[in-house]
Each structure stands twice: as structure tokens, then as C-alpha cells.
């Protein structure tokens, strides 16, 4: 052997098929060390094996070819780690979404799902410390986290802070059009005006209330069950949805302990025959 490895030999050493090696060559990821001008045969060098293995691992993680190329062309180890880290974060997010979808689907397909417990409750008007804004549905979680952190920083430990759970009010347009008015709030004896925090009076309302157990990955299932109950009881929804966070990530890191009350403003429907 003259120190060169045929494409077949290189394939066996790297566990990359000949077809894959040819594709990587055409994509500019892993060019052979030499290509015979007469036969077109590809030959590789032994010191190309580590690069081939890196490519193999990256492709196992579904790193796009363009990103693989950027990683291979980057000599800075820190920059390489950053590129790989970005992709791993995306994979973890996708895995979380997949797990959430699986949990939700299992709940929907349960042969005898537990019936949702709904009660109609009258709430008086209340003045709260709130932050509000127009928010895209895809940005609600991050917006909520920032707004609640600001409310906590403004109120926790102050004489104005009142005991009681935090809550949110979500405009119908948020769900119907993907963007709408969102308001998060905390009970407060004398709400301040500071930064984005300001007093808001929540109007008195009649609510159909159900409690969602666990994290919010499948909260849409509880919403659906509640909607079916509302229709079955000849009620109609009248106004933005309210959520009350009885127990959540601010209280415990254990999602199984989280409890969220979903409140739909309702009124009775008179049906004619």
C-alpha cells in the first residue's frame, strides 16, 4: 500500500458508505486526498479519518450540511463548540416538543379519560399590579417569564405585596389570530406604577373554572374538555380567558405539582326550538 486508502477501505474504516463519501465530496465536506485523473478513483489519507468521524457524528445529530461545513472550516475551538451547542439546544427543544406532543396524544387517546371538573364561580372586581402588552402566541412563554420576573422584583418583600396566586388574562385574538393582548398580574394592596408595572382593575365576572394539573404541554386538552362542558351546559364564552397559577414553577420545580385554574367568562344561552 502506498499510504493511500481506496474509497472502499476508507469506507470500512469510517463506517461511512461509499455513496455517502461521494456525496460529502460533492458537497465540499470531505474531499479525497487524491483523485486519479485517468480512472476517477478517489483515494483518502489516514489523517482524514478523524474529520470523517466528526462529520459522521454531526450528521447522526441531524446537523445540516451547511452547518457541518462551517464547523469544519472553523479553526477556533470556541467557535466550533458554539456552533455545535446551538444545534444541540435546538435538538433539545425539539425533543421537549416531541415529548409534550406524545403526552398530550396519550391523554387524548386514553380509553376512559377522567372527566374534567368544572364549576361556575362569581368573582368580584379586583385591583391588581399588572404588566400588559400585545404579544405573539409564539412569544407568550418568554414574555410571561420576563413580565412575572419584573412583577416579582417590584412587589416581593414590599409592604404592598399581598398573598395570593398570580394570574393572567389572555385575549381571544391571541388564540384566533396568533397575536393579542396579554396581561399578567399579582394581587396587591396598593399597586405601584413603576417600570411596566401599573394598577389595573379586573372587572367582576362569572367564570366557568377548571383546574389543569401538571405542566402546560397539554393544557390545550384541558381547554378542549372545558369547552365541551361549556357547550353541554348551554353556556357561551364572553370575554378573554383568565388563568390563575395556584402552584407553578415559581413554587416548585416538580411539574406534577403544578396547578393552573382556567377561567372562561360565561353567560347562559337561551335556546329556541
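The values are calculated or read from the model by the stated rules, or taken from the named source; none is laboratory data. Computed from a prediction, not measured in an experiment: that's the story for all the values here. Reconstructed Cβ throughout: ideal geometry from the backbone, glycine too, with neighbour counts over all protein chains shown.
Assorted remarks:
- Meeting the requirement of 1 or more residues that are in the same structural domain as residue 128 (by TED's automatic domain parsing) and under 24 Å from the mean Cα position of the chain (by Cα), the strands (runs of 3 or more DSSP E) wholly within region 140-226 are 166-170, 179-187, 205-213.
- The set of residues in region 15-53 being out of contact with any strand residue (DSSP E or B) (no Cβ under 9 Å at 6 or more places or on another chain) and either at positive phi or buried (at least 16 other Cβ atoms within 10 Å of the Cβ) (or both) consists of 15, 16, 20, 24, 28, 29, 40.
- Among residues of region 96-141, those that are over 26 Å from residue 229 (Cβ atoms) and modelled with pLDDT of 80 or more, counted: 13
- Selection status of residue 241, crowded, with 19+ Cβ neighbours inside 10 Å and either touching a strand residue (DSSP E or B) at 6+ places or on another chain (Cβ under 9 Å) or under 18 Å from residue 103 (Cβ atoms) (or both): yes
- Boolean, residue 54 is under 31 Å from the mean Cα position of the chain (by Cα), touching a residue at least 24 places away in the same chain (Cβ under 8 Å), more than 30 Å from residue 141 (Cα to Cα) and part of a helix (DSSP H, G or I): no
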